[in-house]
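The values are calculated or read from the model by the stated rules, or taken from the named source; none is laboratory data. In this text the structure is predicted, and so the values were computed from the model without any measurement. A quick note on method: Cβ atoms are made from the backbone with ideal geometry, for glycine too, and the neighbour counts reach across all protein chains shown. When the accessible area is computed, the model is the full protein with side chains, heavy atoms only, and any ligands, DNA or RNA have been set aside. Shrake-Rupley method; radii C 1.70, N 1.55, O 1.52, S 1.80 Å.
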Amino acid sequence: MILELIRRICVTLGVLLVYRLGTYIPLPGIDPSAWDQIFRSQAGGILGMVSMFSGGAIHRMAIFALGIIPYLSAAILLQLLTIASAKLRGLRRKGEYGRRIVDAYTYALTILLAVFQSLGIAVGLEGVSNLVADPGWFFRISTVLTLTGGTMLLVWLSGQITARGIGNGVTLILFAGIVTEVPAAIAGILELGRQGVLSNGLLLALLVTTVALTALVVVVERARRRLPGVFQKPQGAQPWELSVKLNNAGLMPTILASWILSLTMLIAYAFAPDWGSWFVSQFRDGRTLFFIVYAGLIVGCTFFYTAFVFDPDEGAETLKRHGASFPGVPPGELTAEYIDWVATRITVIGAAYLALVWLIPAAITSSMVVPFYFAGTSLLVVVCAIIDLEDHIRGFASVKPGVRRP
């Protein structure tokens, strides 16, 4: 089993190495030095956030510049469509066969989103003087094929990690992209301190805040609400417990909130350019209205997504079917109400936690005007990836010799 664990770790490291090499292969047809100057002037905003998730590929405008974000967006869209489509809900209940069909839909939607995004990038790059060597349809088509191919290669690589490596492939690719950008961010902070832009007190406050937020994320992601119950069996009642994560929605609410806000801006620009310009000016990073609306979206998306993935009625029916119940709570409808009551209170804590983890770094980035992006979402990805890796490694260590791991 130790040899199997070592083999899986080697596969994971090999895939991540391929990913890192891809973030250094530049997109054909552009001037890297000109793009570097443009990026540095915008590194403290949304462009810096997206570049961090891509492992610096956007900073270098590499073939992996789109990262794995189109795949995540496609998965989110399909999950939202599942709410309105009975056909998609039925597919999710058909086991492996349904999962493969849903995966095929996700891949097709990923390609569609990547094509649109890469075409937009190509047109945007052509609009910058002295950046593209030979503007035109050849550059646009080559850019679309290169960036879309890079995204689909990342999707395949993430699948290899999940199947043959250790941990969740998508999470680890995001994790690798963020972690590799951390040294540059730290160097930027120290350089600002050396130049006197940031005082020693601010540097110390930033360090303490980062450590405190990391500790908060670790504690909450590990926290569980345990509901004691009993199994009714022929030999008598046997105790058991239902364990519910304090943050049951995971990273999805922060991603959904960002997606909704971006989509709203895009629609505003498309149908009412003047109103869209006002909207963007009011919701620029650092504005109070931006903080309030974004935090509100995170809280709302937390309740929405938790309600989507956690069905009290289905849970109560499953418990009843297996002869399980909670002390003092009759099986059936009252059990569903009890589960819903507990889940609602847990979701309140989870929503406040996610909003806080996002708000504090965003406020720091805005007030300090630092030339990099410090995101709470990045911290969540890093901590969750490490916790997931630890659980997988412990799982391998707990398997006895001679027992094959599924």
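For segment 308-393, the relative contact order works out to 18 percent when only alpha carbon pairs closer than 8 Å and six or more residues apart are counted. For the set Ser33, Ser325, solvent exposure ranked by accessible area (probe 1.4 Å, protein chains only) runs largest to smallest as Ser33, Ser325. Note on Leu119 and Glu333: their simple-model spin labels are 5.3 nm apart, each label 7 Å out from Cα toward Cβ.
For the charge dipole of segment 93-242, defined by +1 on Lys and Arg C-beta atoms and -1 on Asp and Glu C-beta atoms about the Cα centroid, which residue among Val102, Ala184, Gln238 has the Cα displaced farthest towards the positive pole? In segment 93-242, that residue is Gln238.
Modelled spin labels at Phe308 and Tyr107, positioned 7 Å past Cα toward Cβ, are 2.3 nm from each other.
Here the calculated FRET efficiency for Arg287 and Ile2, from their Cβ-Cβ distance with R0 = 60 Å, stands at 0.65, rounded to the nearest 0.05. For Leu242, nonlocal amide neighbours, meaning residues 5 or more places apart or on other chains whose placed amide H falls under 5 Å from its own, are Leu227, Gly229.
Taken one residue at a time, the phi angles of segment 119-136 give Karplus couplings (6.51, -1.76, 1.60, θ = phi - 60°) of 5, x, 5, 4, 5, x, 5, 5, x, 9, 5, 6, 9, 9, 5, 9, x, x Hz. Gly and Pro are set to x. Each of Phe308, Pro331, Ile364 was placed along the dipole of segment 286-376 (beta-carbon charges, centred on the mean Cα), and the one lying farthest toward the positive end is Ile364.
The separation of segment 62-93 from segment 208-260, counted between C-alpha centres, amounts to 24 Å.
Modelled spin labels at Ile9 and Leu77, positioned 7 Å past Cα toward Cβ, are 4.0 nm from each other.
When Ile349, Ile387 are compared by accessible area at a 1.4 angstrom probe, the order from most to least is Ile349, Ile387.
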